Each structure stands twice: as structure tokens, then as C-alpha cells.
Amino acid sequence: MDDLVALCKRRGFIFQSHEIYGGLQGLYDYGPLGVELKNNLKQSWWSSMVYDRDDVEGLDASILTHPNVLKYSGHEDTFTDPLVDCKSCGLRFREDQVPEQCKGEELTEPREFNLMFKTNVGPIDDGSSYAYLRPETAQQIFTNFKNIIDSTSRTLPFGIAQIGKAFRNEITPRNFIFRVREFEQMELEFFVHPGSDEEWHKKWVESRKQWWVDQGIESSKISLLNVTGDDLAHYSKSTIDLMYEFPHGLEELEGIANRTDFDLGSHSKNQDELDIKSTTTPNNSSNAKLAVKDITTNKLIVPYVIEPSAGVDRGVLAILNEAYTVEKLDDGKERVVLAFKPHLAPIKAAVIPLKKNNNDLVLKAIELKNSLQKLRIGRVVVENTGNIGKNYRKHDEIGTPVCITVDFDTLDKGAVTVRDRDTMQQVTMDIKKVPEHFKDLFLS
Ligand code: GAP
């Protein structure tokens, strides 16, 4: 973990937030390379969830959340962690995360601490007008259920996907970007006929594991955990967590829950007119029935929901961890490589003029960069520092799949040298063929 954290800072992937003021615990900022990696991961999720399927719509809803949403969802009452104080040092911890040095000390009785951030809405700060920062993106999907059904005419089964920020006032944020107070989630709420939920749950567990493997995570490092007892969320009939071997241990990367008809049922008015299977609180504040008409019986049914919910930040950490490789070279030296899958690499190609002061070489490099950039495959840079060896090392360390060197042969004969990050092999190529080679690498 220490090596990864150092590389992330040195190369501009991830920084501690507000560092010049001493930082604020549990908050991180994504730098020039981090934002590219994160965007690529989110884009890959969005493509697989929305574009590659014919049964999912997208959504981008508000972060500030009406208190009623989180009242009827059960979060006001149950979204808590048990908090204990160490009487010796005065520090506070989650009951299950007391550090070694406090374990023998006297601790207070655990008390429940609500993890939601509350904020004032409007100019009067007397506590009467407040909202929450959403603790999960899911709730706005449920509250938009009717809007999406009405505007798209979707029938079951279908899903709504959303990527966005979520906030939790974690008692002990830790392990770099693993447990933070502000993070992003990629969530799908997939609505199915009651009775078909268990089969869909199994399908989604398999499909989500495969997606992480396609992002470069070794299959053997992902295991499935059947969540039981107190760890099962109040809304869930069954949850399978995808557990990944993070640098600090085996922990949850994504949870796939069977949320039953709890959420749509809870946010509905006239619940007794709907055949809701789960236990919900009667709702006199909602003005909608979140149900669909069964075309065969003409009755309203409240769909069951299967929810694959992944953390973007945990995904970034897992992908950095998988990609991080230290290789021994023939000359005894070491090279650090971030062996990302090409579609996730923050920079797709670096174009390097052999000499930084040679105008013709630099202009040719810029011309090539622009032609590759136009393909809209991702970021391409001109690396004009004049030291080829150092540039190769740098781009290995930030995971750039190809480096293309422009030299005097390029000016005379139109030939460039293309170097592969993983094999370090260099081939001479006609400059006209580079765009096709580039497309093959990223689009095949
Ligand atoms: N909507 C369901 C839900 O929010 P969760 O298991 O609490 O379920 C889903 O969160 C995912 O969000 C987790 O698998 C994890 O990847 C990510 N996540 C949750 N809390 C986090 C935190 N404090 N920091 C970073 N990621 C977090």
C-alpha cells in the first residue's frame, strides 16, 4: 500500500484533500492521471450497463436529499455504526475497528452513530429546513421510478443505472481511498417480477464478477461472501459481496443485494392497495404508487429489485493494485509498470520527439498527436523533454500502453518507432499506419 500511495502522489493520481491546510481525514482528490483512470473505469461500467444492454436506462439525480426519502428508506433509523470511546486516550472508534493499542483499555458502551451528513437548505439556519447528502445513490433511482417508467414505457425486467457521489460520516476512515467520507458509487437498480428475483440475483453476481475480471482483476483474487446476520442491510433479503484481496486485506469491492420490494414499497402511498411482501412503514407523505401494471392480471405489482452496487474509489484502488508490477531487468535494474488494461490507461499514447529543440521533429510529433487525439479513444500527449529513456520509464510507471518516437527517419522516410509498454519491444512503422495500429490496440 505504501508504494502505491507514494506512486499515486508522485505521478499525480491521487492527493490527500486540503493538504496545504493539514488535510481532512477521509477525503482525497484525483489528480491529472487519477481523473482519467477514474473516468475510464466509470465509462467502462456505463458502457457495459447501459450501452451494451437493451434493458437499462441512465440517471443523474441530485445529491442533496429530502429528509422524507431517508426517513422512509429506513436510513434515519438504521444507517448507524456502533461507536465506542477509549477511556485511556479519548479517541473514538467503530466498535469492530478498535486498534491494537486500545484493545486492553477500558472502552465506553457502544452507542449508535448515524453516518449521514446533514446540511441546512436556504438562508435560515434554525434546523427546520435541512437535507441530507445522500449516503447511497440508490434512493434517487427509487424516487424517480415513476418518472422513468412514464417517460420510457419500460416493462419488467429493466434497470436504472447511476454513477455519482455518496457521503458517509465514517467513524474511522482508513486504508487510503478504501474507506472515505466522500466517494463515488456505480449503482444499478434492476427491477424484476417478484418470484424471479433469486434467479436474477445469481445472474448479476456472475456478470459483475466477470466485469471486474475484464477490468484486469485476477479472477482468483475475487471471492464471494454471503452476507449474514447483523451485517445484512435492513432492506436486503440476501446480499453477496464481491471480496477482493486489497493490499490491506480481503474486503468488499462491490455488493449485490436482493432489495426485494422494500424500497419501492416504502416510498409508495396507499401501501395496503399494493401487494407488498416486505415490512414497510405506512407513508402519508408520498404522492405516488411505485408499481407497474401486470398486463395479464391488470393488477398493480411492486417489482423486486436486484442491486449491484460498486464503489468507484475501491475499484480504482483494486485496479491500481492489480496493475502495479515491479520487474527485474536483464541489466539488474528494476522497472515499475502499471500494466493497466488499455481501455483504462489514463494516457493512451505518448508521442516523443527525439530532440526537444528540433522544431521539425516537435511539429511532426504534435501533428501525429493531433491525428491520434481525433480518434477520440482517449488522451494522447506529446512528451517533449528530450530524454527517450526517462520518458519510457515514466510512461511505464503511469501505464501508457504505447510510446511513439519521432526521429529523423520520420522526417526523411515517414517511419516512427512504436514501443510496447508490456514487452518493451520496439517496431518501426510507417507513420500512416499508426492510427490503424492505435485503433486495433484500443478498440479490438
Ligand atoms: N446502495 C447499496 C449500498 O450503498 P454499500 O455496501 O453500503 O451498499 C456499496 O455500498 C459500495 O460502495 C461498497 O461495496 C463499496 O465499494 C462502496 N463504499 C461504501 N462505503 C464506502 C466508503 N466509506 N468509502 C469508499 N467506498 C465505499
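What follows draws every value from the coordinates through simple rules; no lab data is involved. What you see is a predicted model; the values in this text were computed from it and never measured. For neighbour counting, all protein chains shown are included, and Cβ atoms are generated from backbone atoms with ideal geometry for every residue, glycine included.
Things to note:
- Pairwise label distance in nanometres, D272 with N284, each label 7 Å out on the Cα-Cβ vector: 1.3 nm
- Packing-based ranking of 98-105, 51-58, 333-340 yields 333-340, 51-58, 98-105, ordered from highest to lowest mean Cβ neighbour count within 10 Å.
- Karplus-derived 3J(HN,Hα), 6.51/-1.76/1.60, for each residue of the range 296-306, Hz, glycine and proline x: 7, 9, 6, 8, 7, 10, 9, x, 7, 10, 9
- For I398, the amide hydrogen comes within under 5 Å of the amide hydrogens of L338, counting only partners 5 or more places away or on other chains and with H modelled in the peptide plane.
- The range 37-65 residues near the modelled K165 label - backbone nitrogen below 20 Å, point 7 Å along Cα→Cβ: 37-43, 59-65
- Cα-Cα pairs of the range 15-171 separated by more than 25 Å (percent): 53 percent
- Leading residue at positive end of dipole, the chain (Cβ point charges), from F190, V98, T428: T428
- The coefficient of translational diffusion for the chain, derived via Stokes-Einstein from the alpha carbon Kirkwood radius under 10 °C and 1.306 mPa s, stands at 64 µm²/s.
- Mean projected area (nm²) of the alpha-carbon convex hull when the range 126-175 is viewed from all directions: 6.3 nm²
- Largest-first principal axis extents, alpha carbons of the range 382-424, Å: 32, 22, 14
- Rg(Cα)/(2.2 N^0.38 Å) for the range 223-287, N = residue count: 1.48
- For F117, the amide hydrogen comes within under 5 Å of the amide hydrogens of L133, N169, counting only partners 5 or more places away or on other chains and with H modelled in the peptide plane.
- Modelled FRET efficiency - R0 45 Å, K390 with E109, Cβ distances, 0.05 increments: 0.15
- When the chain is treated as a GNM with alpha-carbon contacts under 10 Å, the residue of A288, A257, A365 showing the greatest mean-square fluctuation is A288.
- Quotient of Cα Rg and 2.2 N^0.38 Å for the range 247-377, N being how many residues it contains: 1.96
- Residue-averaged 222 nm ellipticity for the chain, from DSSP H runs of 4+ at -39500 (n - 2.57), nearest 500: -8000 deg cm²/dmol
- In plain terms, the chain from V427 to T80 could stretch by 119.1 nm, reckoned as 0.36 nm per residue minus the Cα-Cα distance.
- Relative to the 2.2 N^0.38 Å rule of thumb, the range 184-242 has a C-alpha radius of gyration ratio of 1.23.
- Modelled FRET efficiency - R0 35 Å, K87 with M1, Cβ distances, 0.05 increments: 0.70
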